[in-house]
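The values are calculated or read from the model by the stated rules, or taken from the named source; none is laboratory data. Since the model is a prediction, treat every value here as computed from it, not as a measurement. Heads up, the Cβs are rebuilt from the backbone with ideal geometry, glycines too, and the neighbour counts pull from every protein chain shown.
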Amino acid sequence: MTITHARFVTLPVSDQERAKDFYVTALGFEVVADRQMGPVRWLQVAPAGAQTSFTLAAPAQGFAPGSAQGIMLESADLQADCARLTAAGAQVEGPVDLPWGRQATLRDPDGNGFILAAPVPAGF
């Protein structure tokens, strides 16, 4: 196999501009692409330097807003990120300690669900 990484993950959103604001302002992501392609707006965001980006897809593209769940994001400072996200108005639950590490959950304005996780503990 020569697969190296996931290029992008599609996140169904009801309003691309509102979603862009959330991902850029609350999560600190960068806009990777924002272009009109016929009737479709191709909008991608990603953490700085990431290989995988998120495509914020409008309902007209055939996706139900809020249907993406369980996407895991890793945080180098989970406690600080949870505090910053809460201050920015994000719905954050946790963090909690689990056998496989410390995690919190959050939702974007459309209800897409993420797990924000600290690095996996050594030896796990």
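Values for this structure:
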| item | result |
| --- | --- |
| Residues (surrounded by fewer than 18 Cβ atoms within 10 Å (Cβ to Cβ) and part of a strand (DSSP E or B)) located in region 106-120 | ARG107, GLY113, ILE115 |
| Test: residue in region 75-91 that is hydrophobic (A, V, I, L, M, F, W, C), part of a strand (DSSP E or B) and either at pLDDT 95 or above or surrounded by 13 or more Cβ atoms within 10 Å (Cβ to Cβ) (or both) | no |
| Cross-chain or 6+ apart pairs with Cβ under 6 Å, region 102-124 first and under 23 Å from VAL45 (Cα atoms), then of a type in the set (Lys, Arg) and surrounded by fewer than 20 Cβ atoms within 10 Å (Cβ to Cβ) | PRO109/ARG18; GLY113/ARG107; ALA118/ARG102 |
| Qualifying position, being closer than 25 Å to ALA104 by Cα and crowded, with 17+ Cβ neighbours inside 10 Å, among VAL13, VAL31, VAL9 | VAL13 |
| Residue match in region 49-59 (condition: more than 30 Å from GLY101 (Cβ to Cβ) and either assigned to a loop (DSSP other than H, G, I, E, B) or of a type in the set (S, T, N, Q) (or both)) | yes |
| Residues of region 37-63 classified as over 16 Å from the mean Cα position of the chain (by Cα), exposed (fewer than 13 other Cβ atoms within 10 Å of the Cβ) and either modelled with pLDDT of 95 or more or among the hydrophobic types (A, V, I, L, M, F, W, C) (or both), total | 3 |
